[in-house]
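Enquirer: Sharing a structure with you now.
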Amino acid sequence: MTTSIIATALAACVAGSNGYVAHDDSVIVLNDVTVSGQRQREFQMRSSQSTVQVSHDYLQQNFAGSLSQTLEGIPGVKAMSIGSGQSKPTIRGLGFNRMVVSEDGVKHEGQQWGDDHGLEIDQFAVDRAEVIKGPAALQYGSDAIGGVLSLYTNHVPTEPMSGSVQVFGRTNNEQVGLSAKLGGRLGKWFYRISTTLIDYADYRVPTDSIQYYSYWIRLKDGRLRNTAGCERDGNVMIGYAGYRFHTDVRISNSYSKSGFFANAHGLEVRLSDIDYDHSRRDVDLPYQWVNHLKVLSHTSWQGNGVRIDANLAWQNNHREELSEPISHGYMPTPDGTLERRFVKNTLTANIATHIDMSEHHELSVGLNSEYQRNRRSGWGFIIPDFKASSVGLFAMDKYTISESLKLNAGVRVDHANTIINSYNDWYKTPTTDGDSAYMKRSDDVNRHFTSVTWSAGINYATGHWVLKANIGKSFRTPIPKELGADGVNYHIFRYERGNADLNPEESYQMDMGIHWDNDKVFVQVDPYVNYFPNYIYLNPTAQYVEGLQLYHYTQARVLRYGVEAQVTCVINSHWETELKGEYLHARQQSGQKKGYTLPFSTPWSMEAGAKYSFKWHGNSFVGMNAHIVGAQHEIVPPESPTDGHWTLNLSAGKQISLHSYKLNIAMHAENLLNRRYYDHTSYYRLIDVPEPGRNVSIKVGLDF
Amino acid sequence: MMALITASTLSILSCGDSDCDESKDMQKPAISEQGIVANPIDCQVYHRGESILFHYLLTDDIELGSYNIEIHNNFDHHTHSTTAIDCELDAKKTPQHPWVFNRDYNIPDGLRSYEATLEIAIPTDIDTGDYHFMIRLTDKAGWQQIHSVAIKIAE
C-alpha cells in the first residue's frame, strides 16, 4: 500500500515534469504559498541556514487544530503530543529547552522544560511564522540548538479599519472556538486588538481500553477521561509607524485550563471516586491552568545605511497543577489540591544594529540580556526556586560577492549566572540511623557559565540550483532542574537527581541545503550532521532511592545526523503532487548508555500527496495525502518499540470574495480510516495511549 | 537521491565506529516464579506479628541491577495492580496508622539470575486491611520490571 502511494506520486511527478507543456503563468506552489521559482531561489539565497517561511495563507488553509500541528507539514518539524490534545513543537527531534520559540523577536519564556506544558501563545494572533532548522545561537543565545520557531504578530495594518472573525471546530474532542481581530491605521498611528476563545471536550482514541502495568483501564466511548479544557486569549497593540521611526507596544494574555487524563496522572495509574464519566466537557482533578502575560515593546530607527532595533519585554508565567491529595511513600496526605505552582517572571532587553558597510557588506552587532525569577509552591516538588540572568554579545557579518555568491560569519559570547535556592521536604522521612528528617531535595547552587559560539555559511546559486552550507556551534545553559533536582518526580514516578557540576551543553552542526527548480518541479534536500560533546541526558540507572528508580543527569557524547527532502511537481494549473520525507539517527557515544539512541527518537516518515485546485465561485482546492511513519526499534529505557503506521488525510479550502469581504473556508480531515496507531514521540506513548482517531477540523473565516 | 546517499554513507560510517555490533541490553529483567514456590502471591492473608517470607526468582539476559520492596495500604482501593486477579477487598476506610515499608536491596554484581529471599516482619501496631506488596527490579542498563501483589493483613 505504502509503496504504491509513493510510486503513484512519483510517477505523476515524472509525467508532469517530462510530458507537460509549460504554461506562461506556471508557478510553484510551495506550502500553498504561490511563489515563482525565481522568488523561491531568492528566498533560498537569503540565509545559509535551512529556513522555511510560513505565510498567513498557509496558516489559514492548513489549520490542523493547534499551531504546532499545523506546522507539522514542514519536514523536520513535529508536534509532540503531551496529552489533553495539546502539543509542543520539536525541530529535528529536539524540543523542550533544545529549541527556541520566539514571538516578535523575543524568546518565549514559559516552563518549557516540562513534559506537559503547551505553547501558551494565541496561535490565531500569529500573522506568519518562520522555522529555522539548525543552530541559531548567534541571534537567540542559549537553547537554539535544534532550531527556532519564530512567530510574528506585529503586522502593521494598512487600512483605517480591517479585521476578521473566525469560527472553528474539530470533531475528535468536540472543540469549538472563536477568534476575532480588529486593526486599523490612522495616519502614522495604528492599533490592533484580538481575542480567541476555545472550548473542548475529552479527546477520543480508537480503543475501548488502555493497558498499562498490565492493568486494564476501560474507557467510556473511547474517551480519555478528563482531557477537556479551554483557552482564553486577548491581545492589544498600539504603535507608531513613521518613515524612519517605528515603535509599538503589545500586551497579550493567554490563559488555558486543561485536565490531565484521570487514570494516569503522570505515569501513575489512578482510580478515583470522582465520577469523570458524567460529563465529557467538564474539567475535574487532576488539571492544570496556565496564565501567560506578556508586555512587549519593539522600536526601530532607520537611518542612511544603518538600522537600530530594540526589544523590551516582561513575561509573567503562572502555572498551577491541582490534583487529589494522596499520601505516597513517606509523604502523608497533604492539605489541599495544589500540587505544584510555578510563577516565573522574565525581563528581556535586546538591542541590535545593522550597518551597511558598503553595497556588498552588512554588519550586525547586538546585545541580548535576560533576567528571570522562578518561585514554586505546592506539595509536589520538581524544580527549586531560582534566579537566572544572562547577557550575550554578538557580531554577524554578511558579504555579498555577487548575486549568486554570498558569505556570512558571526561570533557570540554569552555569560549566564544561575542561583538556586535549597529546598527541604515539608514532611519527614526515616533515615538509616533510626531517626527521621526533612530531606533536602535541592542544594544552594550558584553557577556562572560562559559560552562562545560561532557560525559561518555560504550560499551559491547557479542556473536552476541553489547550494547552501552552514556550520555553527550552539549551546544551552543547564536548567535548574538539571542542576538542582534531588527528589521523587511523582509526575513520572521516578527519583531524579540533578548534577550541580554540569557544564553548558554544546552542539556543533553542519547543514547543507540543495535546491533545484525549473518552475514545474521543485526539489529541496537538507542533510545535516550534529555532534554534542556533552549532551545533558537523564540516565535511568540500576539503583533505587526511596523506592523509585534513580534517574541521574549526566553528560554524554552524542552524534546525530539526518535529512529532510521534498519534491513538489506542478503538473498543470489544476494538479500538483508532493512527496516529502525525513530521516533522523541519534547515537550516544559515551557514558552508561553508549550505543543507545536518545529518548523519543523520531522514526523516519514520508508523506505523499496530491492537490487539485479549481475555480468555482472563487479559488478552491481539494487535497489528499498519505502519511507513512516507520517503526522505531531504537529505544532507551523505559521506552517500548513502536510499530510503523500510515494514515490517510484530506484537506480542502475555498475562498469567496463578496465585495470587500473575503470568506475563507478550510477543512482538514486526519486519520480518515480511523486507524489505531502509536506515535513514538508522544509523551503518552509511555502509558500506551494510542493517537487520536478520525478528526475533522473546520474553520470559517470572514475578512473585512 | 542525495538524501539516500548522504544517509547511507553516514550509517556506514557510524557502523565503522563499532556501534552496530555492540551488544546493548534491550530487554527488561523478569520477576519470576519459575522453579520456586514464590511468595507472597495475590490474595494471601497475613496476621500482625507474623513475617512475610519473600521469595522470587529475579533474572535478566545481561546483568541484574537492584530491587526494591515497598508495601503500602490500599484502603482507598487505588490500584497499581499488575495481575488480572481481583481479590476481595474490605470496605474503604481512612488510614490511622498504616504500614509503610520501603527498602532498596542490592544484587551482587555480574548476575543474570538471583533468588531473592527476605523475611519481612509485620509490625503489631499497624492498621489491618488491604495492602499492596510491590516488587520493583532493575537491570544494569536501567530497564525496570514491576510486579504488584495484593495481600491482606488481619488481626
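Enquirer: Evaluate the following for B:Tyr46: is it more than 14 Å from chain A (Cβ to nearest Cβ) and open to solvent by less than 30 Å² (accessible area, probe 1.4 Å)?
Expert: Criteria met by B:Tyr46.
Enquirer: Would you tally the residues in the range A:100-120 being open to solvent by 10 Å² or more (accessible area, probe 1.4 Å), of a type in the set (A, V, I, L, M, F, W, C) and modelled with pLDDT of 90 or more?
Expert: 1
Enquirer: Now, a different point. Please specify each residue of the range A:657-685 satisfying the condition of being open to solvent by 40 Å² or more (accessible area, probe 1.4 Å) and not in a loop (DSSP other than H, G, I, E, B).
Expert: A:Ser657, A:Leu658, A:Tyr661, A:Lys662, A:Leu663, A:Ile665, A:Met667, A:Glu670, listed by residue number.
Enquirer: Checking B:Asp61 against (1) of a type outside the set (A, V, I, L, M); (2) surrounded by 19 or more Cβ atoms within 10 Å (Cβ to Cβ); (3) not in a strand (DSSP E or B), which single condition isn't satisfied?
Expert: (2)
Enquirer: When residues of the range A:442-459 are filtered for being more than 13 Å from A:Pro480 (Cα to Cα), of a type in the set (S, T, N, Q) and buried (at least 16 other Cβ atoms within 10 Å of the Cβ), how many remain?
Expert: Of the residues in the range A:442-459, 4 are more than 13 Å from A:Pro480 (Cα to Cα), of a type in the set (S, T, N, Q) and buried (at least 16 other Cβ atoms within 10 Å of the Cβ).
Enquirer: Being at pLDDT 95 or above, in contact with a Gly (Cβ under 8 Å, 6 or more places away or on another chain), farther than 23 Å from A:Pro480 by Cα and exposed (fewer than 15 other Cβ atoms within 10 Å of the Cβ): is that true of A:Ala409 here?
Expert: Against the criterion (at pLDDT 95 or above, in contact with a Gly (Cβ under 8 Å, 6 or more places away or on another chain), farther than 23 Å from A:Pro480 by Cα and exposed (fewer than 15 other Cβ atoms within 10 Å of the Cβ)), A:Ala409 does not qualify.
Enquirer: Can you find even one residue in the range A:351-358 that is charged (D, E, K, R), out of contact with any helix residue (DSSP H, G or I) (no Cβ under 8 Å at 6 or more places or on another chain) and either assigned to a loop (DSSP other than H, G, I, E, B) or open to solvent by less than 40 Å² (accessible area, probe 1.4 Å) (or both)?
Expert: For the range A:351-358, residues charged (D, E, K, R), out of contact with any helix residue (DSSP H, G or I) (no Cβ under 8 Å at 6 or more places or on another chain) and either assigned to a loop (DSSP other than H, G, I, E, B) or open to solvent by less than 40 Å² (accessible area, probe 1.4 Å) (or both): absent.
Enquirer: Please find, among A:Tyr596, A:Tyr612, the residue that is within 14 Å of chain B (Cβ to nearest Cβ), hydroxyl-bearing (Ser, Thr, Tyr) and either touching a strand residue (DSSP E or B) at 6+ places or on another chain (Cβ under 7 Å) or surrounded by fewer than 20 Cβ atoms within 10 Å (Cβ to Cβ) (or both).
Expert: A:Tyr596 is the lone residue from the list that is within 14 Å of chain B (Cβ to nearest Cβ), hydroxyl-bearing (Ser, Thr, Tyr) and either touching a strand residue (DSSP E or B) at 6+ places or on another chain (Cβ under 7 Å) or surrounded by fewer than 20 Cβ atoms within 10 Å (Cβ to Cβ) (or both).
Enquirer: When only residues in the range A:547-593 that are of a type in the set (A, V, I, L, M, F, W, C) and open to solvent by 20 Å² or more (accessible area, probe 1.4 Å) count, which is nearest to A:Asn499 (Cα to Cα)?
Expert: Result: A:Leu559.
Enquirer: Taking strands (runs of 3 or more DSSP E) that do not extend beyond the range B:83-155, which have at least 2 residues that are within 12 Å of chain A (Cβ to nearest Cβ) and surrounded by fewer than 17 Cβ atoms within 10 Å (Cβ to Cβ)?
Expert: Hits in the range B:83-155: B:101-106.
Enquirer: Then there's this: Please verify whether A:Thr348 is within 30 Å of A:Ser422 (Cβ to Cβ), surrounded by fewer than 19 Cβ atoms within 10 Å (Cβ to Cβ) and touching a residue at least 40 places away in the same chain (Cβ under 8 Å), treating the condition exactly as stated.
Expert: So A:Thr348 does not fit the description; no.
Enquirer: Does A:Thr554 qualify as being within 30 Å of B:Thr138 (Cβ to Cβ), of a type in the set (Val, Ile, Thr) and more than 11 Å from chain B (Cβ to nearest Cβ)?
Expert: yes
Enquirer: Further question: Tell me which of these A:Gly693 doesn't satisfy, since it passes every other one: (1) of a type in the set (Gly, Ala, Ser); (2) in contact (Cβ under 8 Å) with a residue 60 or more places away in the chain; (3) closer than 23 Å to A:Ile198 by Cβ; (4) assigned to a strand (DSSP E or B).
Expert: Failing condition for A:Gly693: (4).
Matching residues to (1) surrounded by fewer than 20 Cβ atoms within 10 Å (Cβ to Cβ); (2) in contact with a Lys or Arg (Cβ under 8 Å, 6 or more places away or on another chain); (3) under 23 Å from A:Phe381 (Cα atoms); (4) within 14 Å of chain B (Cβ to nearest Cβ):
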residue: A:Lys257; (1), (2), (3), (4): yes, no, yes, no
residue: A:Asp275; (1), (2), (3), (4): yes, no, no, no
residue: A:Ser297; (1), (2), (3), (4): yes, yes, no, no
residue: A:Gly305; (1), (2), (3), (4): yes, no, no, no
residue: A:Phe342; (1), (2), (3), (4): no, yes, yes, no
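Enquirer: Could you tell me whether any residue of the range A:238-251 is part of a strand (DSSP E or B), closer than 19 Å to A:Tyr203 by Cβ and open to solvent by less than 10 Å² (accessible area, probe 1.4 Å)?
Expert: Looking through the range A:238-251, none of the residues is part of a strand (DSSP E or B), closer than 19 Å to A:Tyr203 by Cβ and open to solvent by less than 10 Å² (accessible area, probe 1.4 Å).
Enquirer: Hey, does the range A:139-159 have a residue that's in a helix (DSSP H, G or I) and not small (Gly, Ala, Ser)?
Expert: There is at least one residue in the range A:139-159 that is in a helix (DSSP H, G or I) and not small (Gly, Ala, Ser).
The values are calculated or read from the model by the stated rules, or taken from the named source; none is laboratory data. Note that the coordinates shown come from a computational prediction; the quantities given were computed from them, not determined experimentally. Neighbour counts run over all protein chains shown; Cβ positions are idealised from the backbone, glycine included. Ligands, DNA and RNA are stripped out before the accessible areas are found, and what is left, the full protein with its side chains, is counted by its heavy atoms. Shrake-Rupley method; radii C 1.70, N 1.55, O 1.52, S 1.80 Å.
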